[in-house]
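Here the structure comes first, spelled out in structure tokens, and everything after it is commentary.
The values are calculated or read from the model by the stated rules, or taken from the named source; none is laboratory data. Worth saying up front: this structure is predicted, and the values here are computed from it rather than measured. All Cβ positions, glycine included, derive from the backbone under ideal geometry; neighbour counts span all protein chains shown. Only protein heavy atoms, including side chains, enter the accessible area calculation; ligands, DNA and RNA are left aside. Shrake-Rupley method; radii C 1.70, N 1.55, O 1.52, S 1.80 Å.
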Amino acid sequence: MGYFEMAKTAIKTVMSRPATLMYPARPGKMTTLSRGHVVIDVSRCISCGMCMKKCPAEALCVDKEAKTWTIDRLRCVVCNSCIEVCPVHCLTMEGHYSSAVLAHSGLETFTITYVKPERPKKNESGEPAEA
Ligand code: SF4
Ligand code: SF4
């Protein structure tokens with residue numbers, strides 16, 4: 001009886017259409033709740049490193065000296081933690097998947113272009129100095 005059931009399942013599987021999609025040849029279905037990939041607005045990133053500390057997959061690297069933000073797309077599990085913790089909201093979740101990548105080529109590095117505004121100079125009495 002067991003062999004009969006197994007053969008029936010095997011034949012049914014061979015005859016039916018595959019349950020998977022031929023991604024990336026055929027794009028996956030996206031909904032409003034779908035998570036695609038993390039995107040950064042480098043002009044707003046303040047290199048605080050909070051996203052790197054919060055990332056459970058160690059997919060992020062923030063180098064304050066080199067002013068770079070790097071993500072390893074092959075490590076990222078699209079958990080949304082970095083986006084929730086970013087104090088300046090410069091990270092967003094795009095609604096489409098990343099392009100397929102080869103092994104060891106998931107690293108993407110962005111140069112942080114944020115420039116900290118200068119504090120207004122103060123005179124001896126502590127009041128803002130006039131220009
Ligand atoms: S989405 Fe999650 S796993 Fe991906 S970089 Fe952000 S914190 Fe890390
Ligand atoms: S992306 Fe956000 S959390 Fe990460 S270093 Fe930049 S400002 Fe900080």
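Select from segment 34-56 the residues that are open to solvent by 20 Å² or more (accessible area, probe 1.4 Å) and within 9 Å of ligand 1 (Cβ to nearest atom) and write down the one among them that is farthest from Cys86 (Cα to Cα). Spell out how you get there, then give the answer.
Step one: list which residues in segment 34-56 are open to solvent by 20 Å² or more (accessible area, probe 1.4 Å), which gives 34-35, 37, 39-44, 46, 48, 50, 52-56.
Next, only the ones that are within 9 Å of ligand 1 (Cβ to nearest atom) stay: 35, 37, 52, 54-56.
Details: Arg35: 17, His37: 16, Met52: 10, Lys54: 10, Cys55: 11, Pro56: 15 Å.
Ranking the candidates gives Arg35 first.
Residue-wise test of (1) within 11 Å of ligand 2 (Cβ to nearest atom); (2) over 14 Å from Thr92 (Cβ atoms).
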{"site": "Val38", "(1), (2)": "yes, no"}
{"site": "Val42", "(1), (2)": "yes, no"}
{"site": "Cys48", "(1), (2)": "yes, yes"}
{"site": "Cys51", "(1), (2)": "yes, no"}
{"site": "Cys55", "(1), (2)": "yes, yes"}
{"site": "Val62", "(1), (2)": "yes, yes"}
{"site": "Glu65", "(1), (2)": "no, yes"}
{"site": "Leu74", "(1), (2)": "no, yes"}
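Looking at Val78, Val39, just one residue is aliphatic (A, V, I, L, M), farther than 19 Å from Thr111 by Cα and within 10 Å of the chain's Cα centre (by Cα), and that residue is Val78. Sub-7 Å Cβ pairs linking a first residue in segment 21-37 that is closer than 14 Å to Val78 by Cβ to a second residue that is in a strand (DSSP E or B) and at pLDDT 80 or above, at least 6 apart or interchain, are Arg35/Met93; Gly36/Met93; Gly36/Glu94; His37/Glu94, ordered by first then second residue. So is Ile11 modelled with pLDDT of 90 or more, among the aliphatic types (A, V, I, L, M) and outside any loop (DSSP other than H, G, I, E, B) or not? Judged against the criteria, Ile11 is a match. The set of residues from segment 65-95 being among the small types (Gly, Ala, Ser) and either open to solvent by 70 Å² or more (accessible area, probe 1.4 Å) or assigned to a helix (DSSP H, G or I) (or both) comprises just one member, Ser81. In the set (1) open to solvent by 40 Å² or more (accessible area, probe 1.4 Å); (2) modelled with pLDDT under 85, Gly106 fails one condition alone, (1). Need the failing condition index for Val62 against (1) surrounded by 15 or more Cβ atoms within 10 Å (Cβ to Cβ); (2) part of a loop (DSSP other than H, G, I, E, B); (3) at negative phi, just the number. It is condition (2) that Val62 fails.
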